[in-house]
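Take a look at the structure set out below.
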Amino acid sequence: MKKWMKVTLISVVSLVLVAGIVFGVYVSDYGHADEVAVAAMANDQTIKKDGNLTILSPTNPGDTAVIFYPGGKVEYSAYIPLLEKLRQNGITSVLVKMPFNLAVFNSGAADEVYKKLPDIKNWYIGGHSLGGAMASSYASKHQDKVKGLILLGAYVYGGISPDNALTIYGSNDYVMDQAKVDYTTNVHKINGGNHAQFGNYGLQKGDGTATITREQQQDETAGLILDFIKSKNAQ
């Protein structure tokens with residue numbers, strides 16, 4: 001092998017190795033589910049694991065379900081407490097575990113969900129932060145499949161109308177660019193809420209300090225989601 005080819009090959013391999021190490025370090029630093037979420041996840045009476053899907057089923061399932069994409073670099077199970085509130089109100093929830101905890105690597109994950117729950121007639125998709133952005137992208141391309149979009153700490157992205165989306169964010173959310181919410185339809189700002197408290201994974205770098213509890217923020221969020229679903233299903 002010629003010397004220049006050998007040097008080039010070594011350089012390329014070295015760059016790939018360095019990039020792999022950097023990526024590995026980046027994705028290994030993520031928000032872990034807290035003890036409340038871990039305890040909720042252990043309820044095998046209402047929670048079923050199916051590959052990368054976690055399905056929360058009501059005692060008397062209806063015809064409505066929410067597919068949920070977790071926030072970027074957040075352990076998926078951190079959203080069980082919030083989705084449990086929907087389950088208790090008759091809404092089936094399907095939480096997706098994303099590769100490397102980043103929804104950008106499987107934004108089409110919803111495609112594998114429909115066949116798992118053939119009795120569902122009204123499908124909604126939502127997500128938190130990066131998960132919300134990827135859910136919005138999916139919804140804009142599959143408006144024939146989903147009835148509505150639910151965004152937490154995220155804003156409408158893609159070609160879906162705000163009429164078919166629910167946008168919820170905290171007044172003290174310093175992670176999301178609030179200026180991007182340049183529409184008013186179905187927008188709700190939770191006073192005292194922040195970015196991280198939609199999930200149960202502790203504090204988040206760069207976020208504001210919440211002046212309400214995590215439970216309060218999630219209770220208000222669940223109520224808004226249920227009202228949105230009720231309104232859309234009635235149309």
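The values are calculated or read from the model by the stated rules, or taken from the named source; none is laboratory data. Values in this document were obtained by computation on a predicted structure and should not be read as measured data. Counting neighbours? That spans all protein chains shown, and the Cβs are built from the backbone with ideal geometry, glycine included. To get the accessible areas, we keep the full protein, side chains included, count just its heavy atoms, and leave off ligands, DNA and RNA. Shrake-Rupley method; radii C 1.70, N 1.55, O 1.52, S 1.80 Å.
Over all projection directions, the Cα-based convex hull of the stretch 164-222 averages an area of 4.1 nm².
Treating r as the C-beta distance of Thr46 and Thr184 and R0 as 30 Å, the FRET efficiency rounds to 0.25.
Averaged per residue, the chain has 49 square angstrom of accessible surface, using a 1.4 angstrom probe with ligands and nucleic acids left out. Stretched out straight at 0.36 nm per residue, the stretch from Ser171 to Lys145 would grow longer than its current Cα-Cα span by 6.2 nm.
Against the compact-protein benchmark of 2.2 N^0.38 Å, the Cα-based radius of gyration of the stretch 53-190 scales to 0.97. Among the listed pairs Lys180/Lys205; Lys48/Lys189; Lys121/Lys189; Lys49/Lys141; Lys141/Lys180, those with a Cα-Cα distance over 24 Å are Lys48/Lys189; Lys121/Lys189; Lys49/Lys141.
Among rounded, prolate and oblate, which fits the stretch 62-107 when a ≥ b ≥ c are the square roots of the eigenvalues of its C-alpha gyration tensor, a/c under 1.5 means rounded, and a/b larger than b/c means prolate? Note, shape of the stretch 62-107 comes out oblate. Packing around the peptides 173-181, 83-91, taken as the average count of other Cβ atoms within 10 Å per residue, puts them in this order, highest first: 83-91, 173-181.
Remark: the chain projects, on average over all directions, an area of 15.4 nm² (convex hull of Cα atoms).
Shape call for the stretch 28-115 from the C-alpha gyration tensor, a ≥ b ≥ c root eigenvalues: rounded (a/c under 1.5), prolate (a/b greater than b/c) or oblate? Taking the square roots of the gyration eigenvalues as a ≥ b ≥ c, the stretch 28-115 is oblate.
As a fraction of the 1.4 Å probe accessible area of the stretch 97-235, surface on carbon and sulfur atoms comes out at 48 percent.
As a ratio to 2.2 N^0.38 Å, the alpha-carbon radius of gyration for the stretch 119-235 is 1.02. Among 186-193, 204-211, the peptide with the highest mean count of other Cβ atoms within 10 Å heads the list, and the full ranking is 186-193, 204-211. Based on alpha carbons, the Rg and Dmax found for the stretch 93-145 are 10.8, 31 Å.
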